[in-house]
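**Q** Okay, handing you the structure first.
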Amino acid sequence: MKFKKYAPNVFVIETETECKKGDVVEVTTKYGKVVLCEIWNLVKEIDERNYYSYTRLDGQNSQTFAKKRAERAERAQSNAERKSDEWYEKSQEGKDFLALAEPIKIGHHSERRHRALIERNWNRMGNSVRLRDKAESYNSKIAYWGKKANEINLSMPECVEFYEYELEKAKDYHKLIKENPELREHSMSLQYANKKVKDLTKKVELAQKLWG
């Protein structure tokens, strides 16, 4: 038994064995990990191979995957911010002396020490800024995976009710602007509304096939 992509965001179990709804089977991932899955529906048959929708019993799905990615990005951001702060603190070495803006005394025994202090602090501040920029770069990843963690898609049994609800809303809106042209925001509003109805109709049909 193995996983096979069936549609965007949706994988099914490919097997030559016949299964029935509720069966618990072992499936090997492409990384060699064996996971327990519960069989739902037979979605297609090709060349004596059966393809079943399923849910993983280890709780791993697209939402939990996205949540873990968001948490990983948050940890990386926090770590970068912490290190940035540490480098900033180090860059403050001798700040009371440097605040006096004393010129470097050429030829004086303090010249080398003075130059070394300035160079150390310059490099430390550079590290602090670099890590602060790195921390900020994680904002988009956190936002992206955070959104995905709250997204319902076809890989989840609960998507049937969700897409049925969205389809009814889309139909109502399409009917409203069809009967009331003055409510259309632009010349393509009716076409876009009609397309949304068609897209959601396909999703409802697929969701019911997978999980109905």
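**Q** Restricting the first residue to the range 88-99 and requiring it to be touching a residue at least 24 places away in the same chain (Cβ under 8 Å), which pairs with a second residue that is loosely packed, with under 11 Cβ neighbours inside 10 Å and part of a helix (DSSP H, G or I) meet a Cβ separation below 7 Å and a spacing of at least six or different chains?
**A** Nothing qualifies.
**Q** Scanning the range 1-44 for residues that are part of a strand (DSSP E or B) and out of contact with any strand residue (DSSP E or B) (no Cβ under 7 Å at 6 or more places or on another chain), which turns out surrounded by the fewest Cβ atoms within 10 Å (Cβ to Cβ)?
**A** Per the stated criteria, the residue is Ala7.
**Q** For the range 172-212, give me the residue count where each residue is in a helix (DSSP H, G or I) and under 27 Å from Val43 (Cα atoms).
**A** Number satisfying all stated conditions: 17.
**Q** Right, here's the next one. Among the listed residues Ser62, Ser84, Ser53, Ser91, which satisfies the condition of being surrounded by 12 or more Cβ atoms within 10 Å (Cβ to Cβ) and modelled with pLDDT under 85?
**A** Ser62
**Q** Quick test for you: out of Tyr54, Tyr31, pick the one residue that is hydroxyl-bearing (Ser, Thr, Tyr) and closer than 16 Å to Pro157 by Cα.
**A** Exactly one residue qualifies, and that residue is Tyr54.
The values are calculated or read from the model by the stated rules, or taken from the named source; none is laboratory data. As the structure is a computational prediction, the values presented were derived from the model and not from experiment. Because the Cβ atoms are built from the backbone with ideal geometry, glycine has one as well, and the counts that use them run over all protein chains shown.
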